[in-house]
Amino acid sequence: MRIARLSLGASARGMTHQGGAPSSESGSSPAPADGRPTGRVYLRPPEHADRGEFIAVMRASRSFHRPWATAPTDDEAFNAYLADSRRPDFEAMLVCRREDGAVLGFFNLSHITRGSLQSAYLGYAVGSAYAHQGYMREGIELVLCEAFLALRLHRIEANIQPGNHASIALACGAGFSREGFSPRYLKIGGRGRDHERWAIVSEDWRARAVSRGIPVDP
């Protein structure tokens, strides 16, 4: 786990994971002239102390997430999420609000593959009380900084159900491109569900970051 506390506002640095677990968040937030997020959120790893708040947020959001994602809503599922977060091929990141530290949602990078591929799958979900306020849009920019700068990955893929327009908007707004369609790709809620494959590679992310004034490595 490399990420400690990641925030573009200050420094540039489960779910039972589906390849691209969708969020129901599509709102945008105002940005300064250099194009960086306003710094309302930061990312950090989940801890045992987050159990009560995390489960409460996700439990209150069950109908909001259905049928797009399945997030941990009890102790057993949260324990499994914590265990996943300790694996070398999994990066779990809570999205927290800077003003009060509230847990708003999460992003996961799973199935991190090294060697010639250097890739991972992105999953995410936001609590229903925090949706449509731009928090996840700020958060995904931090995740991509982590993925491409700290983890040195080359490709990030998010698999999203075609009807999840808010999640598609979030990925598209972060520079992801639609690469294809996978019928009955993942079983969610007891059903195999179609997904679209959205992805971004490091070269495209860097070009976009430079155009928005976000510092990147040479």
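We did not get these values from a lab; they are worked out from the coordinates using the rules stated. Computed from a predicted structure; not experimentally measured. Cβ coordinates were reconstructed from backbone atoms using ideal geometry, including for glycine residues, and neighbour counts include every protein chain displayed.
For the stretch 130-213, evaluate the Debye formula with one uniform point scatterer on each Cα (no solvent term) and list log10 I(q)/I(0) at q = 0.13, 0.14, 0.16, 0.19 Å⁻¹, rounded to two decimals.
The Cα Debye sum returns log10 ratios of -0.46, -0.53, -0.67, -0.90.
Taking the mean number of other Cβ atoms within 10 Å as a proxy for protection, how do you rank 125-138, 203-216, 149-162 from highest to lowest?
Numbers: 125-138: 22.5, 203-216: 15.2, 149-162: 19.9.
Final packing ranking: 125-138, 149-162, 203-216.
In Å and from the alpha-carbon atoms only, list the Rg and Dmax of the stretch 30-119.
Cα-based Rg and Dmax for the stretch 30-119 come out at 15.1, 45 Å.
What nm value, rounded to one decimal, do you get for the distance between residue 49 and residue 172 when each label is placed 7 Å out toward the C-beta?
With each label placed 7 Å out from Cα toward Cβ, I get 4.1 nm.
Between residue 187 and residue 150, what FRET efficiency comes out of the Förster formula 1/(1 + (r/R0)^6) with R0 = 35 Å and r the beta carbon distance, rounded to 0.05? If you can, show how the numbers build up before the last one.
Numbers: r = 32 Å, r/R0 = 0.92.
With a Förster radius of 35 Å, E is 0.65.
Per residue of the stretch 207-214, what does 6.51 cos²θ - 1.76 cosθ + 1.60 with θ = phi - 60° give for ³J(HN,Hα)? Whole Hz please, x for Gly and Pro, Karplus curve as stated.
Here the 3J(HN,Hα) series is 4, 5, 4, 4, 5, 9, x, 8 Hz.
If a/c stays under 1.5 just call it rounded; otherwise compare a/b with b/c (prolate if a/b is bigger, oblate if not). Do that for the stretch 66-129, with a ≥ b ≥ c from the square roots of the Cα gyration tensor eigenvalues.
Numbers: a/c = 1.82, a/b = 1.58, b/c = 1.15.
The shape class here is prolate.
For the stretch 79-218, rounded, prolate or oblate, judged on the Cα gyration tensor with a ≥ b ≥ c (square roots of eigenvalues), a/c < 1.5 rounded, else prolate if a/b > b/c? Provide the component values of the computation, followed by the final result.
Values: a/c = 1.25, a/b = 1.09, b/c = 1.15.
Taking the square roots of the gyration eigenvalues as a ≥ b ≥ c, the stretch 79-218 is rounded.
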